[in-house]
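Below: the structure, in structure tokens.
The values are calculated or read from the model by the stated rules, or taken from the named source; none is laboratory data. Remember, it's a predicted structure, so these values are computed and weren't measured experimentally. Here the Cβ positions follow ideal geometry from the backbone for every residue, glycine too, while neighbour counts run over all protein chains shown.
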Amino acid sequence: MKEIAVVGVGNTKIGEWYDISLRELTDEAISKAIQSANIDPKEIGGTFVGSMSSGIFNQQEHLAALVGPHSGINAPAVRVENACASGGSALRVAMMAINAGFYDTALVVGVEKMTDLIDIGDVTTALGTAADGEWELGVGATFPALYALIMRAHMHKYGSTLEEFASVSVKNHKNGSLNPDAQFRKVVTMETVMNSRMIAEPVRLFDCSPVSDGAAAVILTAKDGAKKYTDDPIYIKGSGAGTDHIALHMRESLTSMQATKRAAETAFKMAKITPKDIDFIEVHDCFTVAEVITLEDLGFCKVGKGGKFSLDGETALNSTISVNPSGGLKSKGHPVGATGIYQVIEIFHQLRNEAGKRQVSKNDIGVTQNIGGSGASCVINVFSRGA
Amino acid sequence: MSVPRTWRNRRALYSLEGSKCQKCGKYYFPGRTRCLDCNTSGLENHNFSGTGKVATYSWVYTPPKGFNNRIPYCLAIVELDEGPKLTTQLVAVEEGDVEIGMPVEFSFRKISSEGDEGVITYGFKFRPKNYPNHLKKK
């Protein structure tokens, strides 16, 4: 793979933005990214938009044509959809286009504007479309319930505890309290998490990421031209993706994600690293159990011990490995199709020592892991400062 | 739910019809025409026995549209005796009754409805095996 650099980033704060439209969100993110890269919009060769479900959330498809031109970017545009991994997948497609020689420079935008749907049942159904429509959603599954099935299986198989899962939420809220762009900037206690409202037993409200609005944009360019836009580009050293059956019940394991393992194998091999080389990582903690399983699947701890690893503080900011310094999906927020791009932006700031109070001290190699659905899709990217 | 979708899936929903590979013996639910293991085409229909065991479960408090007539309800993955797993609801159980490994059996039930006057979808749910004599003696 030809090496690719991230030369500019921009995002909105994440929140419930009832008075801001989808195109206003993307315009804010794109404008900031263009400014950040100090680039003439005419130099952008192609636009890639990651979004999961604007058709249901906003009665709006054809996002590529809406988003680019509204911000004065008239490059050919396309939307990429891979459920909650739409952002990460759009980034990969943009990398492929640059590698194939179609463009030198690409704009990648992730967006989800979820609060146009007011009824929580409608939101639950919209998110449920990332599962198997006929054989999961159609018989009463919801996303919290699918992750509850995973969490229950993990507790049964490995003896993991509710306290271990709750520690993920507490840690991510602590990190998010230091992130000015996060939706929830409040520290929470174990008691708050473990006594919160039941959503899909054993998953409680504070095991779940929120419903969020947000847009994030990055500008990619081939390595050779990167210094033209910034003195401090960051480089994508490896990239991998994995795909598995959309339905949880069709997969080999209920307690491990093959898509994560496959994505990691490809990305780590390309970047010539092992998990031990990773200083910090943004993982897809849509539910606390997702972070626990990811820690195991990526080899940061023994299989079945991800919860204990978290409860013991090994994943806290500047401990053994800083996991979700941004606050993760739980605290930073989870505008589903934008999440994969927000993750990249966190890595960008961390690698450039721009992350303020949540700055990690060891910051040579940062990784993103973006899951789609209940684990059917996964995109993993490896970043560093050095070309 | 979409009427055409329910109609075309009626055999699977109403009687657990799936398929079986005549060559390697692997079972599929829902049914399919080509075996993913040995690549044999033209798989034959197979009606599952309808018994299995609970692989994992959850009690759902926040349902999607059309599923709010009993909150919480028990969602589970059931592993059929023939091998395949499916996602389903467990009925005739209360919170505390269900455990992983529990034997269950097919039960024909109402699945969802579109409001008071809309279409009702029927299909499979699972109940404790040997219902109604399944409850442990208090």
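Quick check on this structure: which one of A:Thr294, A:Thr260, A:Thr266 is part of a helix (DSSP H, G or I), surrounded by fewer than 24 Cβ atoms within 10 Å (Cβ to Cβ) and either hydroxyl-bearing (Ser, Thr, Tyr) or in the same structural domain as A:Ala64 (by TED's automatic domain parsing) (or both)?
Matching residue, one of A:Thr294, A:Thr260, A:Thr266: A:Thr266.
What do you reckon, is A:Thr368 surrounded by 24 or more Cβ atoms within 10 Å (Cβ to Cβ) and farther than 29 Å from B:Ser58 by Cα?
Yes: the conditions hold for A:Thr368.
Out of B:Ser2, B:Ser41, which single residue is over 16 Å from the mean Cα position of the chain (by Cα), more than 27 Å from B:Arg109 (Cα to Cα) and not aliphatic (A, V, I, L, M)?
Selected residue: B:Ser41, the only one of B:Ser2, B:Ser41 that is over 16 Å from the mean Cα position of the chain (by Cα), more than 27 Å from B:Arg109 (Cα to Cα) and not aliphatic (A, V, I, L, M).
With the checklist (1) touching a strand residue (DSSP E or B) at 6+ places or on another chain (Cβ under 7 Å); (2) part of a loop (DSSP other than H, G, I, E, B) in hand, flag the one item A:His249 doesn't pass.
For A:His249, the exception is condition (2).
Looking for something part of a helix (DSSP H, G or I), free of Cβ contacts under 8 Å to residues at least 40 places away in the same chain and not assigned by TED's automatic domain parsing to the domain that holds A:Ala241 - is there at least one such residue anywhere in the range A:82-95?
no
Report yes if some residue within the range A:98-113 is farther than 21 Å from A:Val7 by Cα and of a type in the set (D, E, K, R); otherwise report no. Talk me through it step by step, then tell me what you get.
As a first pass, look at the range A:98-113 and keep what is farther than 21 Å from A:Val7 by Cα: A:112-113.
Checking which are of a type in the set (D, E, K, R) leaves us with A:112-113.
Yes: one or more hits.
Please list, ordered by residue number, the strands (runs of 3 or more DSSP E) wholly in the range B:27-138 having 1 or more residues that are more than 8 Å from every other protein chain (Cβ to nearest Cβ) and of a type in the set (Lys, Arg).
Fully inside the range B:27-138 and qualifying: B:51-60, B:103-113, B:120-128.
Hey, can you tell me all the residues within the range A:223-238 that are basic (Lys, Arg) and under 7 Å from A:Ala5 (Cβ atoms)?
A:Lys223 - this is the single residue of the range A:223-238 that is basic (Lys, Arg) and under 7 Å from A:Ala5 (Cβ atoms).
Need pairs with beta-carbon distance below 9 Å; first residue farther than 16 Å from A:Asn179 by Cα and within the range A:353-367, second among the acidic types (Asp, Glu) and surrounded by fewer than 17 Cβ atoms within 10 Å (Cβ to Cβ); sequence gap 6+ or separate chains.
Partner pairs satisfying both residue conditions: A:Asp364/A:Asp277; A:Ile365/A:Asp277.
Answer yes if at least one residue in the range A:170-177 is touching a strand residue (DSSP E or B) at 6+ places or on another chain (Cβ under 9 Å) and surrounded by fewer than 17 Cβ atoms within 10 Å (Cβ to Cβ), and no otherwise.
Checking the range A:170-177: not a single residue is touching a strand residue (DSSP E or B) at 6+ places or on another chain (Cβ under 9 Å) and surrounded by fewer than 17 Cβ atoms within 10 Å (Cβ to Cβ).
Which residue, of A:Phe206, A:Phe184, is out of contact with any Cys (no Cβ under 6 Å at 6 or more places or on another chain), among the aromatic types (Phe, Trp, Tyr) and farther than 30 Å from B:Val78 by Cβ?
Residue meeting the stated conditions: A:Phe184.
Could you identify the single residue in A:Lys227, A:Lys223 that is surrounded by fewer than 19 Cβ atoms within 10 Å (Cβ to Cβ), in contact with a Phe, Trp or Tyr (Cβ under 9 Å, 6 or more places away or on another chain) and more than 24 Å from A:Val289 (Cα to Cα)?
A:Lys223
Residues are listed down the side, and each one gets a yes or a no for (1) surrounded by 24 or more Cβ atoms within 10 Å (Cβ to Cβ); (2) not in a loop (DSSP other than H, G, I, E, B):
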{"residue": "A:Lys302", "(1), (2)": "no, no"}
{"residue": "A:Lys308", "(1), (2)": "no, yes"}
{"residue": "A:Ser326", "(1), (2)": "yes, no"}
{"residue": "A:Ala338", "(1), (2)": "yes, yes"}
{"residue": "A:Val344", "(1), (2)": "yes, yes"}
{"residue": "A:His349", "(1), (2)": "no, yes"}
{"residue": "A:Ser374", "(1), (2)": "yes, no"}
{"residue": "A:Ile380", "(1), (2)": "yes, yes"}
{"residue": "A:Gly386", "(1), (2)": "no, no"}
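Being over 14 Å from B:Asn45 (Cβ atoms) and either part of a strand (DSSP E or B) or in contact (Cβ under 8 Å) with a residue 24 or more places away in the chain (or both) is the filter here, so list the residues in the range B:3-22 that pass it.
Passing the criteria: B:Val3, B:Thr6, B:Leu13.
Would you point out the residue of the range A:106-123, among those that are assigned to a loop (DSSP other than H, G, I, E, B) and touching a residue at least 12 places away in the same chain (Cβ under 8 Å), that is nearest to the other protein chains (Cβ to nearest Cβ)?
Within the range A:106-123, the match that is nearest to the other protein chains (Cβ to nearest Cβ) is A:Leu117.
I'd like to verify a number: residues in the range A:230-253 that are crowded, with 22+ Cβ neighbours inside 10 Å and over 22 Å from A:Gly110 (Cα atoms), how many?
4
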